[in-house]
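The values are calculated or read from the model by the stated rules, or taken from the named source; none is laboratory data. Fair warning: this is a prediction, and the values are worked out from it, not measured in the lab. Glycine gets a Cβ as well: all are built from the backbone with ideal geometry, and neighbour counts include every protein chain shown.
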Amino acid sequence: TTLELAPILVINLKHQNNFNYSYSDTSFQIHKELYMDRYLSENKKNIEEKWNQVETLKRELERTSYQIDKILKFQGKHSGTELLKGSIEHFKWKCSRAKEKGESYDDAERTLMWLMDVQERVERKFNALLEKKVDHEQNIKKIFDTQDMKKCLYRLKAVLVHEGQTHWAYIWVPRDGKGDSHYTSAFDDGSWMKFHDTNVEKVYEDLVLKETVNNYHSINTIYALIYVDHQYDHTFPNITDVIPASLKEFVNRDNRLFEDELQSQHRSQEDISEITVDIDHGTWGSDSTAYGTSSDFDYFPEQASNTKSYQSTMLKRIELFGVKLGQIEVVKSLLEDYKDQSVSNSLDWNEPIPLQSGYRGNAKYSAMVEAYDNFKFTTMYIMEGLEQSFQDQYKQGLGYFHQALVLEKLWVAECESKGFNGTNLDRTEFINTFAKAFLKILNDGALEKAKDPKSFPEGVENALSVLKICISFKFIRDGFLDGLTEGWLNLKKNIEKDIDDHATYEKLSLLISSYRLSEIPCGLDIKFSFDNLLENLEPPKAIDDDSLAQRYTECLKKCKTQFKDVAQAIELI
């Protein structure tokens, strides 16, 4: 506890010592308001009592959760409710078959009635436990949700974000014309604004409080939250009255420097326009621009921003690669020191700049060169994965994609540790898009097999292997599995009266349950092992840079034809 809190709280989510973030848990949320009473010394005795209540309720919650798990994971393996449903379906089927054949089914019917009674009691107990769990969770929240714990209020005023070396902030801006005499800082009296390097724009609150967390969770870009004590949370009739003179002078001086810089740039542009430029005959009449002076570097940032990380251009142009990494000064230095002047002056602006080979041994560029080599190494796994589809070897392709994702994650982390903007070249989404396309093809193939009674068991087995791969790729929270499940649900409805293979039918029921739960129950035997596939995967064969770029280009062209929907989704076309 503390005697008092500062008027402004800056909550740092990034730990500088190890570059870890406080919100690695997917339950992380940004709250508009925080009550800080529990941290004040004056409430120490009351807080201790409340924490004791919390601990007592947490123990009750753990016991309740354990009882729920016993039902959901019967004998540590299967969902008890699903097993009962499967058994009931089996005995319904058994009674129906016996009735059709004119055979006695008294025993089966008695067992069926008993199972239905057990199911009713289990479901009643299960629902009661769920309600009890919800009550415990709500009661835990209510312990600090009392008036004596709602006096020290702080309101969210800013969310600081970065992506590589690019920074911006979401800032709460009150409406104009409200004085401190009647302004209460209610969240309906203003709006969120995004302050970027070059512009300011209004944004919806959901973007700040929800989408910001969802979109940036994987790359850890929210690094600070700023809260303000509500007692200090007001606007001023004339803001200049409260700004210190030293700060005013600093701002005025900075504005003057900025104006001088703009005027200097304007004069430079006028001087350039007066210079007579010799036209290179090699590009006369074409749409290209020849490389000449160092000012041609101005093209690179725009080129880099228009070049996707997955395009083959990135494998041929280290200068664009460096710019996308945020290493502009390093690239400038590289071109000044190693550009091959004998051939570069007649090049088209979208061609690679020839460099003298000595730069690879220069320590100044070693970090960027190493990042480039590792980037191309991961590309080989991506390319191998794509090429496997040309021979319908989709599982093998998924194996290469899985390894590519591991390498890509390590590569981005390594770049960030060196101060590079690795996320700007992250190809995770590109890889996952094709992986989902492969999995859908495999699932559709399994479904077609299962529609044929002769190959029904094989179809279900293949579908379980697809699910296993989906889980390995963590495709369990974005709705992808829902699309795969629909066909199997329809199949189950169509065949449940005619199926003779009860064991496989039960496996089909478990398959659908597994899709819904996004996990494979323990004890469900699946012949296919994705781990074994990964272990036996042959590494890509080393090839030179030119061959890699050419082969990768051809690979993307084929994918453009073979996977038109995917190509449109990732803007390959």
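Of the helices (runs of 4 or more DSSP H) lying entirely inside the range 507-573, the ones with 2 or more residues being modelled with pLDDT under 70 are found at 564-569. Which one is farthest from Asn443 (Cα to Cα) among residues in the range 381-410 that are of a type in the set (S, T, N, Q) and surrounded by fewer than 18 Cβ atoms within 10 Å (Cβ to Cβ)? Here the residue is Gln391.
Among the conditions (1) over 38 Å from the mean Cα position of the chain (by Cα); (2) polar (S, T, N, Q); (3) surrounded by 17 or more Cβ atoms within 10 Å (Cβ to Cβ), Thr64 misses just one, which is (1). For the range 541-552, a tally of residues being surrounded by 11 or more Cβ atoms within 10 Å (Cβ to Cβ) and either farther than 20 Å from Phe434 by Cα or over 27 Å from the mean Cα position of the chain (by Cα) (or both) returns 6.
Quick one: is Lys92 under 27 Å from Ser509 (Cα atoms) and either modelled with pLDDT under 80 or touching a Cys at 6+ places or on another chain (Cβ under 8 Å) (or both)? No: the conditions fail for Lys92. Within the range 109-165, being in a helix (DSSP H, G or I), farther than 23 Å from Asn43 by Cα and of a type in the set (Asp, Glu) holds for Glu109, Asp117, Glu120, Glu123, Glu131, Asp135, Glu137. From the list Glu448, Glu458, Glu408, the one residue that fits, being within 28 Å of Gln311 (Cα to Cα), acidic (Asp, Glu) and in a helix (DSSP H, G or I), is Glu408. The set of residues from the range 451-479 being surrounded by 15 or more Cβ atoms within 10 Å (Cβ to Cβ) and modelled with pLDDT under 80 comprises just one member, Ile476.
Filtering the range 36-54 to residues that are out of contact with any helix residue (DSSP H, G or I) (no Cβ under 6 Å at 6 or more places or on another chain) and either outside any strand (DSSP E or B) or surrounded by fewer than 16 Cβ atoms within 10 Å (Cβ to Cβ) (or both) leaves Met36, Tyr39, Ser41, Glu42, Lys44, Lys45, Asn46, Glu48, Glu49, Trp51, Asn52.
Only one entry in Asp271, Asp298, Asp373, Asp348 is among the acidic types (Asp, Glu), at pLDDT 85 or above and either part of a helix (DSSP H, G or I) or within 38 Å of the chain's Cα centre (by Cα) (or both), namely Asp373.
Please determine whether any residue of the range 489-502 is surrounded by 21 or more Cβ atoms within 10 Å (Cβ to Cβ) and either assigned to a helix (DSSP H, G or I) or of a type in the set (Val, Ile, Thr) (or both).
Within the range 489-502 (the criterion being surrounded by 21 or more Cβ atoms within 10 Å (Cβ to Cβ) and either assigned to a helix (DSSP H, G or I) or of a type in the set (Val, Ile, Thr) (or both)), the answer is no, since none of the residues qualifies.
Taken over the range 82-108, the criterion of being surrounded by fewer than 17 Cβ atoms within 10 Å (Cβ to Cβ) and either assigned by TED's automatic domain parsing to the domain that holds Glu506 or not in a helix (DSSP H, G or I) (or both) is satisfied by Gly102, Glu103, Ser104. For the range 79-105, the set of residues classified as of a type in the set (A, V, I, L, M) and more than 16 Å from Glu120 (Cβ to Cβ) consists of Ala98 only. Close contacts from the range 237-250, counting a first residue that is modelled with pLDDT of 65 or more and a second that is among the charged types (D, E, K, R) and surrounded by 10 or more Cβ atoms within 10 Å (Cβ to Cβ), with Cβ to Cβ under 7 Å and a gap of 6+ residues or different chains, come to none at all.
Of all residues in the range 315-333, those being touching a residue at least 24 places away in the same chain (Cβ under 8 Å) and part of a helix (DSSP H, G or I) number 11.
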